[in-house]
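Below is one structure, written out as structure tokens; the observations come after it.
Only the coordinates and a few stated rules stand behind these numbers; no lab work does. Computed from a predicted model, the values in this text were never measured in an experiment. Glycine also receives a Cβ, built like all others from the backbone with ideal geometry; neighbour counts cover every protein chain displayed.
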Amino acid sequence: MALTAKQTTKCPNCGAIVKSHRVCKECGYYKGKKVVKETEE
């Protein structure tokens, strides 16, 4: 069993590099939908 490199892709909403099948940590979008509400700090 060999280790494989992690797959990354570009977020279509903001252009950030994200892991495949994950919510973008920069903008909170996944598959074109906002799934994470931004909080004000």
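To the nearest 20 Debye, how big is the dipole of the chain about its Cα centre, given +1 on the beta carbon of each Lys and Arg and -1 on that of each Asp and Glu?
So the magnitude is around 280 debye.
Once fully extended, how much extra length lies between Asn13 and Glu38, figured as 0.36 nm per residue of separation less the alpha-carbon to alpha-carbon distance?
Going from the current span to full extension adds 7.5 nm.
So what's the net charge close to Lys6: Lys and Arg +1, Asp and Glu -1, counting the other residues with Cβ under 11 Å from its Cβ?
+2
Sort 3-9, 30-36, 18-24 by the packing proxy (mean of other Cβ within 10 Å over each peptide's residues), most packed first.
Descending mean neighbour count gives 18-24, 30-36, 3-9.
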